[in-house]
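Student: Quick one: structure below, then a few questions.
The values are calculated or read from the model by the stated rules, or taken from the named source; none is laboratory data. Only a predicted model underlies this, so the values are computations on that prediction, with no experimental measurement involved. Counting neighbours? That spans all protein chains shown, and the Cβs are built from the backbone with ideal geometry, glycine included. Side chains are part of the model used for accessible areas, which takes the heavy atoms of the whole protein and leaves out ligands, DNA and RNA. Shrake-Rupley method; radii C 1.70, N 1.55, O 1.52, S 1.80 Å.
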Amino acid sequence: MDPAQPTPGDAMPRAAECLRAARKVVVFTGAGASAESGIPTFRDDSGLWREFPPELFATWRGLLHIGASRPETLARFLIAVLDPVARAVPNPGHRAIAELEAHKPVTVITQNIDGLHQDAGSTTVHEIHGTLLEIVGRQGRFIRVLSRQDLQNIVTQLQQIVEGRIVAIRLLRAIRPLAGAGLGGWHRPNVVLFEDRMAEPAWTNAEAAARDCDCFLSVGTSGSVYPAAILPDTARSNGAAVITVGPDAPGGELHLQGPAGLLLPRLLRLAFPA
Ligand code: OAD
């Protein structure tokens, strides 16, 4: 047998056929889709929640409490979140998802807050957990865009603080472009934390897209956070085939096991040869 050819029963050709035959495709992504861009996931061995448990760091209340009682710890957490996003560029997985639009109508639904799908060229992206690259005020009122350079500047300030003596006032000053209070009221990044409502209209649009696709490609998510994790079932119960991509052992019926940055370009080439 030619080792270059997929073995019978291999999920890759079946997944390629599913994409080829699809009328509408949804790509649903989690932290694993950005892992090869250098952004840590949440629940893997080197994931963010290992060092910074979500019970303390995934709510606004928890973050305020940490900031008041342990400002140095909050500074370290913010560096861990902001620095990788400030430096990130799309990886081959993001680019393959964007290229898929040349062949099929594609809706991207992402739990990620890093803006990398848009940077790769995807045009319809529903950020159901919001985005780090936007600042909002009361009731989600848009205030301004935050660039990766802005994030990098905040990280530089935070690093100086962590090296020196930590006082809350220096921390507040360093993160002022990101979050704080002033004469115009408070402002913060447009991200969804635990206990928050899902970002709108992204969530309503995401549910509608999941109901209306016939191929649902789930990439790099542990499926452990609801309501986002309901979307593959929504698609399946409306007749879509669900393909999963990631290094974990197969859980679903059509699983491509391995890193997204390797497998998605391969899937695209197989489905739509040049
Ligand atoms: P998790 O950290 O829970 O899961 C990441 C998944 O990506 C795991 O299944 C990994 O095996 C997989 N993975 C790792 N490297 C990969 C690679 N190179 N290619 C493909 N897959 C890879 O992250 P999410 O499922 O995104 O929400 O977590 C969902 C939500 O939990 C996040 O949006 C965040 C977090 O708490 C909020 O904070 C509201």
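Student: Please go through segment 148-170 and pick out each residue that is under 24 Å from the mean Cα position of the chain (by Cα) and exposed (fewer than 12 other Cβ atoms within 10 Å of the Cβ).
Tutor: If the condition is that a residue be under 24 Å from the mean Cα position of the chain (by Cα) and exposed (fewer than 12 other Cβ atoms within 10 Å of the Cβ), then Gln149 is the only one that fits.
Student: Ala235 - would you say it is open to solvent by less than 10 Å² (accessible area, probe 1.4 Å) and in contact (Cβ under 8 Å) with a residue 40 or more places away in the chain?
Tutor: yes
Student: Right, another one. So Pro54 ticks every box in (1) farther than 30 Å from Phe272 by Cβ; (2) within 13 Å of the ligand (Cβ to nearest atom); (3) touching a helix residue (DSSP H, G or I) at 6+ places or on another chain (Cβ under 7 Å) but one. Which box is left unticked?
Tutor: The failed condition is (3).
Student: Name the residues in segment 176-211 that are aromatic (Phe, Trp, Tyr) and either more than 14 Å from the ligand (Cβ to nearest atom) or touching a helix residue (DSSP H, G or I) at 6+ places or on another chain (Cβ under 7 Å) (or both), would you?
Tutor: Taking segment 176-211 as the starting set, the residues that turn out to be aromatic (Phe, Trp, Tyr) are 186, 194, 203.
Matches in segment 176-211: Trp186, Phe194.
Student: Go through (1) within 18 Å of Glu200 (Cα to Cα); (2) buried (at least 19 other Cβ atoms within 10 Å of the Cβ); (3) modelled with pLDDT under 95 for Arg138 and report which single condition fails.
Tutor: Condition (2) is where Arg138 drops out.
Student: Something else now. Does segment 121-135 contain any residue that is in a helix (DSSP H, G or I) and either open to solvent by 30 Å² or more (accessible area, probe 1.4 Å) or in contact with a helix residue (DSSP H, G or I) (Cβ under 8 Å, 6 or more places away or on another chain) (or both)? Walk me through it before giving the result.
Tutor: Of the residues in segment 121-135, the ones in a helix (DSSP H, G or I) are none.
No, the conditions are met nowhere in segment 121-135.
Student: How many residues does segment 171-222 hold that are in contact with a Lys or Arg (Cβ under 6 Å, 6 or more places away or on another chain) and buried (at least 21 other Cβ atoms within 10 Å of the Cβ)?
Tutor: Here the count works out to 1.
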